[in-house]
Amino acid sequence: MHRNYKENLIPAARALRNNMTPEERHLWYDFLKKLPITFKRQKAIGSYIVDFCCPAVKLIIELDGTQHYEDEGLAKDFVRDEFLKKSGYTVKRYSNRDIHQNFEGVCRDIYITIYGRDWD
């Protein structure tokens, strides 16, 4: 069976699911898990593990800590995002600060991306 991920990533993905950051837990339990569409946490795709993935609409959501805004992190994220986009995914990135300071705005943006309309 052909897999779209590297098999050796599975233990790491499982560990990440069991040790989510506070921001990941907040987004997961207070929004994504409640949606009628299925999201996967810490999903292996190619050589990467993404924070959240909705296969039905080919959407990936990444929550970024401060290391993602340094030169090395930005460069790695660019390569990663290009691979994911070429694989047919839309990648949405939000900072941990966004989760803390604008949680409703993040949720609204994700909802609009999925359904093409606001929830109002």
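Points worth noting:
- Within the range 88-120, the set of residues being surrounded by 14 or more Cβ atoms within 10 Å (Cβ to Cβ) and under 16 Å from Cys53 (Cβ atoms) comprises Tyr89, Thr90, Val91, Lys92, Arg93, Tyr94, Ile110, Thr113, Ile114.
Here's the yes/no breakdown for (1) farther than 19 Å from Leu9 by Cα; (2) crowded, with 18+ Cβ neighbours inside 10 Å; (3) touching a residue at least 60 places away in the same chain (Cβ under 8 Å):
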| position | (1), (2), (3) |
| --- | --- |
| Glu23 | yes, yes, yes |
| Thr38 | yes, no, no |
| Gln42 | no, yes, no |
| Leu74 | yes, no, no |
| Val79 | no, no, no |
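- Selection over the range 60-102 of residues that are assigned to a strand (DSSP E or B) and modelled with pLDDT of 90 or more gives a count of 10.
The values are calculated or read from the model by the stated rules, or taken from the named source; none is laboratory data. All figures in this text were calculated on a predicted structure; none of them were measured in a lab. Cβ coordinates were reconstructed from backbone atoms using ideal geometry, including for glycine residues, and neighbour counts include every protein chain displayed.
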